[in-house]
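Written below as structure tokens is the structure these notes are about.
Just so it is clear, none of the values below were taken in a lab; they were calculated from the coordinates. Source: prediction; values computed, not measured. Backbone-built Cβ (ideal geometry, glycine too); neighbour counts: all protein chains shown.
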Amino acid sequence: MKVSNMIGERFKDKPSYCVSDNHAILVKGGYIKQVSNGVYSLNPMMKRIVNNIEKIVKEELEAIGAQEVMLSSLTPLELKKESGENADKLVKFADRDNIDFVAFNTGYELAIQLIRDSAKSYTNYPFVFFENAKEFYKGRKPSGGLLHLKEAFINRVYSFHKTKDNQDVQFEKISKAYENVLLRCGLKEVFEANSSYDNSEHRFVAFNEIGDATYVACDSCDYISSFNTALSVVENAEGSGVKELELVHTPGVTTIASLAEFLRVDVKTLCKSVAYQKDSDGSLVVGFTRGDLDMNQSKLENIVGDTLYPAELNEDSILSGGFIGPYKIPKEVEVYFDKSLIGIESLAIGANEFDKHYTGFNVERDYGEVEYKDLSDVKEGEGCPLCAKKTLSIKKSVELARLVKTGDALTKAMSVQFLDDDGESKTPFMCAYQLDLLKVAALICEEEHDEYGPIWPKSISPWKVEICCLRSDDEACKSYADDLYTTLKDRGVEVLYDDRKVRPGSMFSDADLFGIPLRVIVSPRNMKDSCVEIASRDKSYVNKSPLDKALDDILDFLK
Ligand SMILES: [Zn+2]
């Protein structure tokens, strides 16, 4: 490829809409072209990077026996309905025969449909296959350049198994394959983290400040979890002694901070209440936690088994906003207590009356037996659920892959059955895996760049060598560079050739934006000394190489 022919306009300045370094570099360097907010086309350089990532993915997955397929990007609505998944938020259209389709969504139903007819005997299992496909997220608010797109390019793996044990073994294999892919692509460090309440879902994440996800990791052991599923381990506040329950007039004291100030007590002896309503029927749910902690809505939703939204309270509500507490709370309200309240002998609580609180509340004495739950947000420096050391840290993270054991829920819903060797009809187990290929490229760019541009790892770099011919009007330079270009291509080396008549400064700043691992500089001065300069993009290697030895030095570097 010659730079003069290459599609992809480069910019001197960072476009104003770019939100991160990788976003700025990829736009500035002519890698991607914005089509709409969160929607991009890829120029040849970026396409080559993605091709290289796809190649690594294919090698790793085929090595463990997965087969490549190509599922349709259209799912008939009838098929979609079989799984019971809500299709409201998907892209839908009808064709000229009035057949309804959903487009560019996850391929779950198509994957099941692909094997359903041949999955009837135990002898055919397992089925493990993959594809790379585009997904479109209609409801997504894009952010962070390529890290959070409306349209993503995803590697998807599906596997079907006779037993749960078979499924778990395969899950480990795909997980290892994905880890290999991410490290081979050049990411420095990735972590597999639990991201579900029942350990059925894992994610591969990389810690990075530009990430839009939050994970909790222990600095002393291997514990790692998504923020919402991380177990909160708090040392319960010292009991302040059992006291009498006492109603206190607290005019206008509606926040935890103002209550602590008003009563002149430690915030850890207050009971915080957060009121929600259920999405299904609007009924009220209240969670109680210790005053210094925050209620985690996702944890509460998991326990309640419904989506919740903040309660809309007014004067007619059965709850008095700002004064909600567990004592004499209306029976219609579902209540939940966080573990942090265990053992606190005397709490200050809302009195369920405007401008009033109780002090001296004791959960067991004044409310009764309670099943405490884990409802609070984890805090930095909190005790680790695994090793108990107070070394938990909260990290901004980029989620790169999602691995899900769907169990037999989907296969049951879509009536997949097989005859097992014991003669019984059974439902297979299914797993689904997704790896975001564009995110991987964007994150590598974010991790591997300097102020001038990306420093692509050899494994995914769009080309491996760039020849910079500083004076293409100089016959000796031109002829040597032309020959080297042809020879490298003949040797199967991916090479980019800059033979434009531009100033050296301009050629070098473009070369920095291309970020190719090795640069060969052919200049009249070097030619006079019968050598070329060979330099790595990361500046760790610079060498003047005699003309007749340059090819060997280049090939050596690439080994
Ligand atoms: Zn730990």
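Counting every pair of alpha carbons in the stretch 377-516, the share spaced more than 28 Å apart comes to 57 percent. Remark: the LYS188-ASN37 segment gains 51.4 nm on full extension, using 0.36 nm per residue and subtracting the alpha carbon distance. Using the Cβ of LYS12 as centre and a radius below 12 Å, the other residues enclosed give a net charge of 0, where K and R count +1 and D and E count -1.
For a test of understanding, tell me how many lysine pairs in the stretch 140-225 have Cα atoms under 26 Å apart, given they are 8 or more places apart or on different chains.
On the way: LYS141/LYS150; LYS162/LYS173; LYS162/LYS176; LYS164/LYS173; LYS164/LYS176; LYS173/LYS188; LYS176/LYS188.
Summing the qualifying lysine pairs gives 7.
Here the stretch 353-459 is treated as a Stokes sphere of Kirkwood radius computed over C-alpha pairs; at 37 °C and 0.692 mPa s its diffusion coefficient rounds to 155 µm²/s.
Summarising the label geometry, the points placed 7 Å from Cα in the beta-carbon direction at ASP548 and ASP473 lie 3.3 nm from one another. Against the chain, whose longest principal axis comes from its Cα atoms, helix 475-490 is set at around 60 degrees.
Relative to the current alpha-carbon distance between VAL91 and LEU558, full extension at 0.36 nm per residue lengthens the span by 163.6 nm. FRET efficiency for the pair GLU54 and ILE342, taken as 1/(1 + (r/R0)^6) with r the Cβ-Cβ distance and R0 = 51 Å, rounds to 0.50.
Net length available on complete extension from LYS138 to ILE7 is 44.2 nm, with 0.36 nm assigned per residue and the Cα-Cα distance removed. Computed from the alpha carbon atoms alone, the convex hull of the stretch 173-226 holds 99 Å³ per residue. Among the cysteines of the chain, CYS18, CYS185, CYS271, CYS431, CYS445, CYS468, CYS469, CYS477, CYS531 have no other cysteine beta carbon within less than 4.7 Å of their own.
Can you compute the charge dipole magnitude of the stretch 159-273 about its Cα centre, using +1 on each Lys and Arg Cβ and -1 on each Asp and Glu Cβ, nothing else charged? Give it in debye, rounded to the nearest 20. Before the final figure, lay out the partial values.
Numbers: 11 positive and 18 negative charges, 63 e Å.
Computed about the Cα centre, the dipole is about 300 debye.
Model label points for GLU380 and SER317, set 7 angstrom from Cα along the Cα-to-Cβ axis, are 3.2 nm apart. Each peptide among 331-342, 486-497, 455-466 gets the average number of other Cβ atoms lying within 10 Å of its residues, and from highest to lowest they stand as 455-466, 331-342, 486-497.
One equal scatterer on each Cα of the chain, no solvent, Debye formula: the resulting log10 I(q)/I(0) at q = 0.07, 0.11 Å⁻¹ is -0.58, -1.09. In this Cβ point-charge picture (+1 for Lys and Arg, -1 for Asp and Glu), the chain has a dipole of about 1880 debye about its Cα centre.
Nearest 0.05, what FRET efficiency do ARG264 and TYR452 give at R0 = 45 Å with Cβ-Cβ as r? For R0 = 45 Å, the calculated efficiency reads 0.15.
Relative to the longest principal Cα axis of the chain, at what angle does helix 437-447 sit, 0 to 90 degrees, rounded to 10? Once rounded, the angle reads 80 degrees. Considering only Cα atoms, the convex hull volume of the stretch 292-379 works out to 113 Å³ per residue. Across the options LEU147, CYS185, ALA66, the greatest Cα extent toward the positive end of the charge dipole of the stretch 57-197 (unit charges at beta carbon of Lys, Arg, Asp, Glu) belongs to LEU147. FRET efficiency for the ASP422 to ASN236 pair, using the beta carbon distance and R₀ = 41 Å, is estimated at 0.20.
Tell me, how many Å apart are the Cα centres for the stretch 348-403 and for the stretch 407-483? Each part's Cα centre sits 41 Å from the other's. When peptides 201-212, 439-450, 33-44 are ranked by their average number of other Cβ atoms within 10 Å per residue, the highest-first order is 439-450, 201-212, 33-44. When the Cα positions of ALA257, LEU245, LEU231 are compared along the charge dipole of the stretch 211-274, LEU245 comes out farthest toward the positive end, with charges on each C-beta of Lys, Arg, Asp and Glu. Taken over the stretch 234-339, the ratio of Cα radius of gyration to 2.2 N^0.38 Å equals 1.11. Toward the positive end of the charge dipole of the chain, with +1 on the Cβ of Lys and Arg and -1 on the Cβ of Asp and Glu, the farthest Cα among PRO546, LEU375, ASN132 is that of PRO546.
Centre-to-centre, using Cα atoms only, the stretch 10-31 and the stretch 145-208 are separated by 29 Å.
Which entries of LYS33/LYS544; LYS58/LYS539; LYS243/LYS328; LYS2/LYS55; LYS47/LYS559; LYS405/LYS439 show an alpha-carbon separation above 26 angstrom in the structure shown? It would help to have the intermediate numbers written out before the result.
Values: LYS33/LYS544 37 Å; LYS58/LYS539 32 Å; LYS243/LYS328 18 Å; LYS2/LYS55 23 Å; LYS47/LYS559 24 Å; LYS405/LYS439 23 Å.
Going by Cα-Cα distance, LYS33/LYS544; LYS58/LYS539 fall outside the 26 Å limit.
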